[in-house]
Amino acid sequence: MKPISKDEDRLWEEHLYREEPDADFTLKVMQKLDGVSMESGEDGNPFVKKSMRAHWMRRTGIAAAAVVMLAGGAWFAFDRTAEPAQPAVNAVDRLPLPDIPVPEALKYSYFADDYKRLKPLGLVVNPNININDQGYTLKIEDVLVDRSHMVMTLQQTTPDGLGLSRLLSEMGRIHVTDEEGRQVATLARDTRTKGSVTERLLFQFHDEIPDQVVVRGELRNLNVGRYYDYEKKSYEDRDVTVDWSFQFNIDMTKAKSLAVENSMDNTYTTPEGLKLDMTQLVRTPNGTRLDLNVSLDDELRAKVDEDWANYMSIIYHLEIPETNEYRIFNGIRPDARQAKFRLQDLSELRNGGPLKLSETWDPAFVTVDAKNIRFVLDGYTLPVKEEKSVEVDLEKRRKDDTKFYTFVAFEQLGDKILIYDFDYEPMMESYDPPKIDVKEGYSLVLKGSGTFRNAFMGDRWVAVDSDGKEYPVEVNGYPDQPNNNGEYVEDDLQLKIRGFNEEKGAKFTLKRTVVNREYRDVNWEVDLPSYNSLPWLK
C-alpha cells in the first residue's frame, strides 16, 4: 500500500477544517419535517429558501477564510432582456422520487434524496461494518455509489452514547483503491452539508475505475473532544486509542453501466492569462459532472498568491433553451447556487500541472435528462497579491452623535470601505472560559460600511501597531444583492482586530495584502455534449 503523501494529508486537512456554510437543516427542524422530501426552493419550500438566502462573511488576517451562504435561486425566463419572472417550468426532479424509507443516518440530510435516486437502481451498498472497541462504536452502512462518486457515512459513538462528529487526522487513513492498492478516488466536498453526529465522506472516482474497488480504513487514534481540567485550569484534548480497522469491496460494474460519459476538448484563455480546458461531462442518476483543467500563464502566476488554487472559482451559468431555463452558479450574485459536489485536486500543481476542477450539479436544479445545455462563463475569482494600507487614528473619531462621520477611508481595486465608529469587545476563544483580564482579553472592532466589486473570500488583512506587531483581522458582514453597478453593499461592516486593546494605542496601520479579485472580462460559451439515451431510464 502506497503511504499517504503530504499532498493527500493537506487535502484531508483542508477538507476537515475548511470553514463552510452549514447548509444542512438542523435535526430539530428536520424531525418536524419527517417524511417530507428534500425539494428545491423553486417549489416554494420556505425552509430551503430561508437557509439559502442568508449570507455570512468571515475573513481572518493571516489565514483568511470566508463563508458565504449563497442565495437560493429561482428558475426564470430565458429572455435576458426581460425582468426576472416567476418560473414557468421547474427543473426539479421531473421524475418523482420513489416513496421509500430512508435510513436514520441519512433521513435528515440532503442525502435523503440521493438515497432515493440510487437505492432502486441497486447503487446503495451496505458493508455491515459494526466495530465496538472499549465501548467506542463505528458503524458504516448504506454507502451511496455511482460512476462519479462514493458517499460513506461513519456513525461514531462513545461509551455513553454520544456521537463523535469527526475523526480528525485519522480520516487520512481511509483509502479507496483497486485490488493492487492503487488509489482510484480523491476526496471531494459536498457543498450542501456539514457533518454533525455522523461524518459523511465524499470521494470522486478517477477516469479509470476497476470493476472491484477496495475501501480500507486504519483508524486507531480518536480525539473525543475537550474537557476542562480544574487542576490546570484549562481545556485539554482527550485522546483514545482504539482498533477501528475495516475493509470492504464494492462491485462497480453496475455503477459504470448506469452512466453516460463524453470526453471534451474545449479550451479558452482569458485576457489575463487563465486557461480553462473542459475535459469530460459525466451523467449519472445522481447528478451531472463537468471536469475542467485550470492553469495560469507565467505573467498571471507571478501576480497571484501561492495558494491561489484553494480559493480560485469559476462563475458561470447554464442555459437550457429547450425548456427556456437557466441556472447561475457560484459567486455572490442574485439567484446563485453552488455545485452539489466539488473537487479541487491540487495533486499535479507541484509538478507544473493544472488544477483539476470538477463541479457536479444536483438533479434538483439541473435535471440529468436535460439536453442542449449551454455553458456560459461569466467570470472567475483569484487571490491576487495586491498590498495597500491606510493609517488609522482612533482619536479622529467624532465624539458627538453624528454616526456617519468617516475617519478612515480605504479604497482598493474598486472596493471602498468607510469607518465611522469603533468599540472594544471581549476576545473569546473556542472552549476557553471567559477572559478575566479586560485589557488583554479585548479586541478592537472598527464599524462602518463597504462597497465591493471583488469576491468575498480569500482576502487577507492585517493590522500593524507602532511597534511593528501584527494582529489578524476579521471582516464581518451580510452583503446585500449587487446594485446596478454590480457592487455588493454592506451597511453594517465590522473589522475586528483581534488582541488590539486600548493599551496598544490609538494609531496603527490597516493593511490588505491579498484581494480575491473577481474578473469579468470573459467571453466563452460551450454547448455541452448531449446523449441518445440514459441507461438508468430504460
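The values are calculated or read from the model by the stated rules, or taken from the named source; none is laboratory data. Keep in mind it's a predicted model, so treat the numbers as computed, not measured. A quick note on method: Cβ atoms are made from the backbone with ideal geometry, for glycine too, and the neighbour counts reach across all protein chains shown. For accessibility, only protein heavy atoms count, side chains too; no ligands or nucleic acids. Shrake-Rupley method; radii C 1.70, N 1.55, O 1.52, S 1.80 Å.
Data overview
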quantity: Any pair with Cβ under 9 angstrom, 6 or more apart, that starts in segment 143-155 at a residue that is farther than 12 Å from ASP190 by Cβ and assigned to a strand (DSSP E or B) and ends at one that is open to solvent by 10 Å² or more (accessible area, probe 1.4 Å) and among the hydroxyl-bearing types (Ser, Thr, Tyr); calculated: LEU154/THR198; GLN155/THR137; GLN155/THR198
quantity: GLY468 vs. criteria modelled with pLDDT of 85 or more, in a loop (DSSP other than H, G, I, E, B), at positive phi and open to solvent by less than 70 Å² (accessible area, probe 1.4 Å); calculated: yes
quantity: Of the criteria (1) of a type outside the set (Lys, Arg); (2) surrounded by 15 or more Cβ atoms within 10 Å (Cβ to Cβ); (3) modelled with pLDDT under 95, which one GLU503 fails; calculated: (2)
quantity: Residue check, ASN372 polar (S, T, N, Q) and closer than 26 Å to ALA259 by Cβ; calculated: yes
quantity: Filter pass, ASP459 being modelled with pLDDT under 95, crowded, with 18+ Cβ neighbours inside 10 Å, closer than 29 Å to LEU274 by Cβ and not hydrophobic (A, V, I, L, M, F, W, C); calculated: yes
quantity: In segment 313-348, residue least open to solvent (accessible area, probe 1.4 Å) [restricted to those that are in contact with a helix residue (DSSP H, G or I) (Cβ under 8 Å, 6 or more places away or on another chain) and outside any strand (DSSP E or B)]; calculated: LEU346
quantity: Complete set of residues in segment 512-530 that are touching a strand residue (DSSP E or B) at 6+ places or on another chain (Cβ under 7 Å), open to solvent by 20 Å² or more (accessible area, probe 1.4 Å) and modelled with pLDDT of 95 or more; calculated: VAL522, TRP524, GLU525, ASP527, PRO529
quantity: Top-ranked residue in segment 276-290 [being within 20 Å of SER257 (Cβ to Cβ) and touching a strand residue (DSSP E or B) at 6+ places or on another chain (Cβ under 6 Å); ranked as most open to solvent (accessible area, probe 1.4 Å)]; calculated: GLN280
quantity: All positions within segment 240-271 that are of a type in the set (Ser, Thr, Tyr) and either assigned to a strand (DSSP E or B) or within 27 Å of the chain's Cα centre (by Cα) (or both); calculated: THR241, SER245, SER263, THR267, TYR268, THR269, THR270
quantity: Test: GLN412 is under 30 Å from ALA188 (Cα atoms), out of contact with any His (no Cβ under 9 Å at 6 or more places or on another chain) and modelled with pLDDT under 95; calculated: no
quantity: Search result, residues across segment 441-455 that are open to solvent by less than 10 Å² (accessible area, probe 1.4 Å) and either part of a strand (DSSP E or B) or within 17 Å of GLU411 (Cβ to Cβ) (or both); calculated: SER443, LEU444, VAL445, LEU446, GLY448, GLY450, PHE452, ASN454
quantity: Qualifying positions in segment 255-275 - surrounded by 14 or more Cβ atoms within 10 Å (Cβ to Cβ) and either of a type in the set (Asp, Glu) or under 22 Å from MET150 (Cβ atoms) (or both); calculated: ALA255, LYS256, LEU258, ALA259, VAL260, GLU261, GLU272
quantity: Filtered residues of segment 138-168 (kept if at pLDDT 90 or above, basic (Lys, Arg) and closer than 20 Å to GLU218 by Cβ); calculated: LYS139
quantity: Residue count for segment 349-384, restricted to those that are part of a strand (DSSP E or B) and not hydroxyl-bearing (Ser, Thr, Tyr); calculated: 14
quantity: ASN310 vs. criteria modelled with pLDDT of 95 or more, open to solvent by 30 Å² or more (accessible area, probe 1.4 Å), under 21 Å from LEU382 (Cβ atoms) and not hydroxyl-bearing (Ser, Thr, Tyr); calculated: no
quantity: Qualifying residue in segment 472-483 (condition: touching a helix residue (DSSP H, G or I) at 6+ places or on another chain (Cβ under 9 Å), surrounded by 21 or more Cβ atoms within 10 Å (Cβ to Cβ) and under 30 Å from LEU318 (Cβ atoms)); calculated: no
quantity: Subset of segment 349-358 [basic (Lys, Arg) and either under 24 Å from ASP114 (Cα atoms) or surrounded by 17 or more Cβ atoms within 10 Å (Cβ to Cβ) (or both)]; calculated: LYS356
quantity: Some residue of segment 396-410 being closer than 23 Å to LEU296 by Cα and assigned to a loop (DSSP other than H, G, I, E, B); calculated: no
quantity: Any chance THR402 is polar (S, T, N, Q), at pLDDT below 95 and surrounded by 14 or more Cβ atoms within 10 Å (Cβ to Cβ); calculated: no
quantity: Complete set of residues in segment 273-306 that are under 21 Å from the mean Cα position of the chain (by Cα) and outside any strand (DSSP E or B); calculated: ASN286, ASP305, GLU306
quantity: Selected residue (criterion: surrounded by the fewest Cβ atoms within 10 Å (Cβ to Cβ)) from residues of segment 94-136 that are of a type outside the set (D, E, K, R) and assigned to a helix (DSSP H, G or I); calculated: PRO120
quantity: Residue tally, condition open to solvent by 40 Å² or more (accessible area, probe 1.4 Å), under 19 Å from ASP237 (Cβ atoms) and at pLDDT below 65, over segment 169-202; calculated: 1
